[in-house]
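Asks: The structure's right below; bear with me while I get my questions together.
Only the coordinates and a few stated rules stand behind these numbers; no lab work does. Computed from a predicted structure; not experimentally measured. Because the Cβ atoms are built from the backbone with ideal geometry, glycine has one as well, and the counts that use them run over all protein chains shown.
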Amino acid sequence: MPILIAPSILSADFARLADSVALVEQIGGADLLHIDVMDGHYVPNLTIGPAIIKALRKSSKLFFETHLMIANPDLLLEDFIEAGSSRIVVHPQTCPHLHKTLSKIKSSGIQAGLAINPSEDIDICSFEYLGELIDSITIMSVNPGFPAQKFINSSINKISNLKQKLAQIGLNHIQIEVDGGLNLQTAPSVIMAGANILVAGNAVYNEPNPLKAIQELKNLSK
Ligand code: DX5
Ligand code: ZN
């Protein structure tokens, strides 16, 4: 699978969000846009809701990956779907009936993903039973909540284990994403371990030249 770069707008200028999206979309070579939704309960931070996603959707054609770090995501799924998400990523422990949650996302015609926290094993749920309902698995390489945190090294083994497990059970179609602390120093090892989507907030939007930063991350896989 090719390496895809997903700039996270958590590190963008919130007063100029549409411009920040246009920058990475029109000239920056972003493959998808990562949108971090936080509720101040599941994680200690508050960010973006469906209204902002809906507004951004009007001026962008990028694939919108909505990463829900919220309690009870089932209550708001429809809003995030209608806002224009292309994929919704949930944390399994926030969904008491995960099969039902994923089914609802998929039946709306968009993609579904799971995110696994640094303290959680890849066996937090049985992929065998969810197979076709999952398009991506996000290995969190920081504890969710804030941008620009330090990459947690144990994530690397977890990516290799996940890659191996997916191959064993015949779920090679599932993309492996890594989220948190990625930069030119930390990204090579996650690519080696088998990840193919790199989320990057700080390493894109806080660089003097975000476009160059995206290209440099892409070039790591060449
Ligand atoms: C963390 C978020 C990440 C975050 C990554 O809770 O899920 O998507 O934006 O940011 P960086 O790349 O700055 O570590
Ligand atoms: Zn995220």
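Asks: Once the cut-off is 15 Å, how many percent of the Cα-Cα pairs in segment 131-187 end up in the long-distance tail?
Replies: Cα-Cα pairs in segment 131-187 separated by more than 15 Å: 50 percent.
Asks: Hey, another quick one. Once the cut-off is 19 Å, how many percent of the Cα-Cα pairs in segment 146-222 end up in the long-distance tail?
Replies: Counting every Cα pair in segment 146-222, those more than 19 Å apart make up 37 percent.
Asks: Using the Kirkwood formula on the Cα atoms of segment 1-46, what hydrodynamic radius do you get, in angstrom to one decimal?
Replies: With all distinct Cα pairs of segment 1-46 included, I get 11.8 Å.
Asks: Quick check on the chain: helices-only [θ] at 222 nm, where DSSP H runs of length 4 and up contribute -39,500 (n - 2.57) each and the sum goes over total residues. Nearest 500, please.
Replies: -8000 deg cm²/dmol
Asks: Which semi-axes, in whole Å and largest first, does the equivalent ellipsoid of segment 94-222 have when worked out from the alpha carbon gyration tensor as the square roots of 5 times its eigenvalues?
Replies: They are 26, 16, 14 Å, listed from largest to smallest.
Asks: Looking at segment 78-163 from every direction and averaging, what is the projected area of its Cα convex hull in nm²?
Replies: That works out to 6.1 nm², a quarter of the Cα hull's surface.
Asks: Here is a follow-up. Average the reciprocal distances over every distinct pair of alpha-carbons in segment 111-161, invert the result, and give the Kirkwood radius in Å.
Replies: Taking the inverse mean of 1/r over all distinct Cα pairs, segment 111-161 comes out at 11.9 Å.
Asks: Another question, if that's okay. Restricting things to alpha carbons, find the Rg to Rh ratio for the chain using the Kirkwood radius for Rh.
Replies: Using Cα coordinates only, the ratio equals 0.93.
Asks: Ratio of Rg to Rh for segment 93-136, alpha carbon only, Kirkwood?
Replies: Rg/Rh: 0.95.
Asks: Another question, if that's okay. Considering the options Gln215, Gly170, Ala6, tell which one lies farthest towards the positive end of the dipole of the chain, charges being +1 on Lys and Arg and -1 on Asp and Glu at the Cβ, about the Cα centre.
Replies: Of the candidates, Gln215 comes out farthest on the positive side.
Asks: Where Rh denotes the Kirkwood radius from the mean inverse Cα pair distance, what is Rg over Rh for segment 53-116?
Replies: Here the Rg-to-Rh quotient is 0.95.
Asks: Here's a follow-up. In debye to the nearest 20, how big a dipole does the chain give about its Cα centre with +1 on each Lys and Arg Cβ and -1 on each Asp and Glu Cβ?
Replies: Result for the chain is approximately 360 debye, rounded to the nearest 20.
Asks: Given Cα pairs under 8 Å that are at least 6 residues apart, what percent is the relative contact order of the chain?
Replies: Taking the mean separation of contacting Cα pairs over the length of the chain, I get 22 percent.
Asks: Please sort 150-162, 88-100, 59-71 by packing, taking for each peptide the average over its residues of neighbouring beta carbons within 10 angstrom, highest first.
Replies: Most protected by this proxy first, the peptides run 59-71, 88-100, 150-162.
Asks: Separate question: May I ask for the percentage of alpha-carbon pairs in segment 1-94 that lie more than 21 Å from each other?
Replies: 28 percent
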